[in-house]
Amino acid sequence: MKAISYIDYRGYDLLHKGTEILSQIECNGIHIDLEYCKKKLDQIADTIRELEKQIQDEPEVKIWMESYGRKFNLDSSTQLADLLFNRLKIEPVNMTEKGNPSTDEESIECLKNDHPFIEKLIQIKRLKKLCSTYISNFIREQVDGILHNFFHLHTTQTYRSSSSDINFQNIPDRNPELGNIIRRAIIPRQDRMLLELDYSGLEVRVAACYHKDPVMIKEITEPGRDMHRDTAIELFLLNPNDVTSELRFTAKNSFVFAQFYGDYYANCAKNIWNSILLYDLKTRTGVSIREHLSDKGIKTYSDFENHVKSVEYRFWNEKFRVYKKWKENMWDNYQKTGVVNMHTGFICRGLMRRNQVINYPVQGAAFHCLLWSLIHLQRLFLRNHLRSMIVGQIHDSIVIDVVPEELNCVMNWAHTIMTKEIRKVWDWIIVPLDIKAEASLPNESWANKKEIKLGSPCRSCGSEWSFKKKLEENNTEDHCIVCGEITE
DNA sequence: TGTTCATGG
DNA sequence: TATCCATGAACA
């Protein structure tokens, strides 16, 4: 049988066992506060009505209403684009994929000073999104207060997973206001706590297992190194002490990750420049980045684009030379053979663009690390009859509904499986793996998650895990995550 | 049905 | 050679 030779059983086994374990997780489901959801839905509806009333009197909205009459609709991007770019003659900031002027949040946020209705419009859109995509669906999909969403292993091009009904993998988090509202609805079962275990920098580490760039391996393994901070220093021409978390964030997302995914300097420069202007980014000592760059000779956008071009050149031709070579090899090899192989035994075929060829094997294998860990953690749970249960998975993290007395044990096992056992089985993982843990106190919602660290056992309850509680005057205090007592 | 927008990794 | 992978809502 010829076809049999095309099947790689490493990949087959992983998906077979993965499917079984994910179905058990779907069956467990995640507990929600149904009464809270219903109450919040009504509350937000009131807020939206109030906001809609408030913007009715704004001059721009009057023009909008007059031109569309009965068809006037705040949810229509087409109408908003017509208002902003045709009637008010505003220069578009971004274009859509099809080349039309865009009205997405990033493009209209910078108009809010000249057009105050924009700020309320953005808030209305956010709240509507929260209700329609999240809260309403929580209420629709729950059975006796439990959400049994699906986790699929057959829908993505990269052999990652996906989730639907509800999508457990895109619940708001980055925006604290939205994150807090919706995550307040997600709660542990009675007297339990929610725990999330995250692989730190998983894709960057898995990428290193492919390209084996010595500079990147150093970045990952040497303590105290921080490539995002270093990139911020180069992009904004700063001393290390002048880098704020905001500047590091911009460098990380608009340059480093964008470059890893295959972006190029002109696009990066545009995005960074937009951030500088929109958020009026400053150095740690409070100097405006715009002025600071100007002092260094970068006065116009064109100057900045040239500067980013030179940062990009050093990034790939001096710093990550081996990584760059690997990308070229991957693309050449695909053009010759038509396939891309993953470390985990999967093969990608079919028509792919260059950036897909470079990213698929990384994205897929990174998720497979998570899936492998999930399978083995769940086996331990079942074999040892733990009452704690795995309730979800978000690409590089595992969410568990934990019985407090089992927390020490769960953390111990998870750490062993996710960072040690996996490397015994997959020797292609040539860099250390690391996990981060966040948890909420018993009976608290997911909105209250805090990072927890290993410490000495709590005198009241014996838990070894504590979180830092912020006090006045930059002081912190360690508290036990199970009983809340101060630990030493 | 296609486009645009939002959310997450 | 031009930012990777998803789900889902709403409009046109």
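Rule-based calculations on the coordinates, nothing more; no lab input. Because the structure is a prediction, the values reported are computed rather than measured. As a convention, Cβ positions derive from the backbone with ideal geometry for all residues, glycine included, and neighbour counts pool all protein chains shown.
Using the Cβ of A:D332 as centre and a radius below 12 Å, the other residues enclosed give a net charge of +3, where K and R count +1 and D and E count -1.
To the nearest µm²/s, what D does Stokes-Einstein give for the range A:109-148 at 37 °C and 0.692 mPa s, using the Kirkwood radius over alpha carbon pairs as Rh?
This corresponds to a translational diffusion coefficient of 275 µm²/s.
Label positions at A:N94 and A:D332, each projected 7 Å from the Cα along the C-beta direction, are separated by 3.6 nm. A dipole drawn for the range A:183-223 from +1 and -1 charges on Cβ atoms has a positive end, and of A:S200, A:A185, A:P223 the residue lying farthest that way is A:A185. Distance between the C-alpha centres of the range A:26-86 and the range A:149-184: 23 Å, rounded to the whole angstrom.
3J(HN,Hα) along the range A:328-336: 4, 4, 4, 5, 4, 4, 5, 5, 7 Hz, from the Karplus curve 6.51 cos²θ - 1.76 cosθ + 1.60 with θ = phi - 60°, whole Hz, x for Gly and Pro.
Would you please put A:85-96, A:181-192 in order of how densely packed they are, using the mean number of other Cβ atoms within 10 angstrom per residue and starting with the highest? Please list the in-between numbers first.
On the way: A:85-96: 12.9, A:181-192: 20.1.
Taking the mean over residues of other Cβ atoms within 10 Å, the ranking is A:181-192, A:85-96.
Would you mind checking A:K17/A:K39; A:K40/A:K470; A:K327/A:K449; A:K112/A:K468; A:K296/A:K469 for any pair whose Cα atoms are more than 32 angstrom apart? Beyond 32 Å between Cα atoms: A:K17/A:K39; A:K327/A:K449; A:K112/A:K468; A:K296/A:K469. Going 7 Å from the Cα of A:N474 along its beta-carbon direction, which residues of the range A:224-240 have the amide nitrogen within less than 13 Å of the resulting point? So the set is empty, nothing qualifies. Each residue of the range A:270-278 was assigned a 3J(HN,Hα) from its phi angle through the Karplus curve 6.51 cos²θ - 1.76 cosθ + 1.60 (θ = phi - 60°); the sequence is 4, 5, 5, 4, 4, 5, 4, 6, 5 Hz, with glycine and proline shown as x. Considering only alpha-carbon pairs that sit under 8 angstrom and 6 or more positions apart, the relative contact order computed for chain A is 19 percent.
Length gained on full extension, A:R284 to A:S460, computed as 0.36 nm times the residue gap minus the Cα-Cα distance: 59.2 nm.
Each of A:S440, A:T78, A:H343 was placed along the dipole of chain A (beta-carbon charges, centred on the mean Cα), and the one lying farthest toward the positive end is A:H343. Descending by average beta-carbon neighbour count within 10 Å, the peptides A:363-373, A:232-242 line up as A:363-373, A:232-242, the highest first.
Please identify which residues in the range A:248-273 have an amide N closer than 13 Å to a label point set 7 Å out from the Cα of A:K324, following the Cα→Cβ vector. Of the residues in the range A:248-273, A:265 have backbone N under 13 Å from the label point off A:K324. Distances between placed amide hydrogens fall under 5 Å for A:K450 paired with A:A439, A:S440, all partners being 5 or more residues away or on another chain.
Would you mind ranking A:Y264, A:Y323 so that the residue whose beta carbon has the fewest other beta carbons within 10 Å leads the list?
Numbers: A:Y264 12, A:Y323 21.
Ascending number of Cβ neighbours within 10 Å: A:Y264, A:Y323.
For chain A, report the convex hull volume of the alpha-carbon atoms normalised per residue, in Å³, without decimals.
Numbers: hull volume 96.4 nm³, N = 488.
Each residue corresponds to 198 Å³ of Cα convex hull volume.
Charge dipole (Cα centre; +1 on Lys/Arg Cβ, -1 on Asp/Glu Cβ; no other charges) of the range A:435-488 amounts to roughly 200 debye.
About its Cα centre, chain A has a charge dipole of approximately 1340 debye under the convention of +1 per Lys or Arg Cβ and -1 per Asp or Glu Cβ, with nothing else charged. Here the 3J(HN,Hα) profile of the range A:291-298, calculated from phi with Karplus coefficients 6.51, -1.76 and 1.60 at θ = phi - 60°, is 5, 4, 5, 4, 4, 8, x, 9 Hz, Gly and Pro shown as x.
Would you kindly state how much longer the chain becomes between A:Q43 and A:S302 on full extension, computed as 0.36 nm times their sequence separation minus their alpha carbon distance, in nm to one decimal? Intermediate values should be presented prior to the final figure.
Details: separation 259, 0.36 × 259 = 93.24 nm, distance 4.79 nm.
Full extension from A:Q43 to A:S302 adds 88.5 nm.
Three principal axis extents of the range A:154-205 based on alpha-carbon atoms, in descending order, are 37, 28, 25 Å. Helical content alone sets the calculated 222 nm signal of chain A at -14000 deg cm²/dmol, taking -39,500 (n - 2.57) per DSSP H segment of four or more residues and averaging over every residue. Placing pseudo-labels 7 Å out from each Cα toward the beta carbon at A:R314 and A:S200 gives an inter-label distance of 2.6 nm.
Computed over the Cα atoms of the range A:320-412, the ratio of the radius of gyration to the Kirkwood radius (Rg/Rh) comes to 1.18.
If you find the alpha carbon centre of the range A:430-460 and of the range A:268-344, how far apart are they in angstrom? Cα centres, the range A:430-460 to the range A:268-344: 34 Å.
A simple packing score, the average count of other Cβ atoms within 10 Å per residue, orders the peptides A:162-172, A:66-76 as A:162-172, A:66-76, with the highest score first.
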